[in-house]
Amino acid sequence: MFPPANHSPRTVTCYHCGAPIESTAAARSTSCPTCNKRIVLDDMLIEVATMWSGPIETCGRVIIGPAARLSTRLIAAAESIEISGIVTSRLSCKGLVSLNTGSTFKGDCQAAALEVERGAVLSGFFQVGAVNAAPSPAA
Ligand SMILES: [Zn+2]
């Protein structure tokens, strides 16, 4: 599993409504005081082939390892998304999306910043730069 992060108190951004949230040091999930929805604070590490119908959402990071084959509706992360495997999804990230060498990404991507290594394969609609709002509800 992922090594335990050094959880210092931090301010995170609600991925539902965009409101800032003060999280306690050891919190792994909490409820947004603005929209009252549950939010996940943990980093998520995905290393296996999986069909995941529900959205993957966190205020932390999402890391998709080189062995992962992931097909899901939405991956949303406030901090960053790093892809080394094969992913079909919509991405929403308020930080950096990294597509590493050997990765294949298919879908739409909305991110504050994008980094693509040589050899990464990508297709879809990319909107990189100002990310103004929380992800819109899936159609
Ligand atoms: Zn909220």
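The values are calculated or read from the model by the stated rules, or taken from the named source; none is laboratory data. What you are looking at is a predicted structure, and each value in this text was computed from that prediction instead of being measured. For neighbour counting, all protein chains shown are included, and Cβ atoms are generated from backbone atoms with ideal geometry for every residue, glycine included. Areas reflect the complete protein model, heavy atoms only, side chains present, ligands, DNA and RNA absent. Shrake-Rupley method; radii C 1.70, N 1.55, O 1.52, S 1.80 Å.
Extension gain Ser31-Arg118, at 0.36 nm per residue separation less the Cα-Cα distance, in nm?
Going from the current span to full extension adds 27.4 nm.
Considering the Cα positions of the range 30-84, please state its Rg to one decimal place and its Dmax as a whole number of Å.
Taking only Cα atoms of the range 30-84, I get Rg and Dmax of 11.9, 37 Å.
If I compute solvent accessible area with a 1.4 Å probe over the protein chains, what percent of it on the chain is carbon and sulfur?
54 percent
Given an 8 Å cut-off on Cα distances and at least 6 residues of separation, report the relative contact order of the chain as a percent.
Once divided by the residue count of the chain, the mean separation gives 15 percent.
Take the Cβ-Cβ distance between Cys17 and Gln127 as r, set R0 to 22 Å, and report the resulting FRET efficiency rounded to the nearest 0.05.
0.65
Got a sec? Which residues in the range 45-60 would a label at Asp108 touch, if it sits 7 Å along Cα→Cβ and we count backbone N under 11 Å?
none
If we sort 33-42, 63-72 on the protection proxy, mean other Cβ atoms within 10 Å, highest first, what's the order?
Those peptides, ordered most packed to least, come out 63-72, 33-42.
Could you give P(r) for the chain, binned at 5 Å from zero, as whole percent values over all Cα-Cα pairs?
Per 5 Å bin, starting at zero, the Cα-Cα P(r) for the chain comes out as 2, 11, 21, 24, 20, 14, 7, 2, 0 percent.
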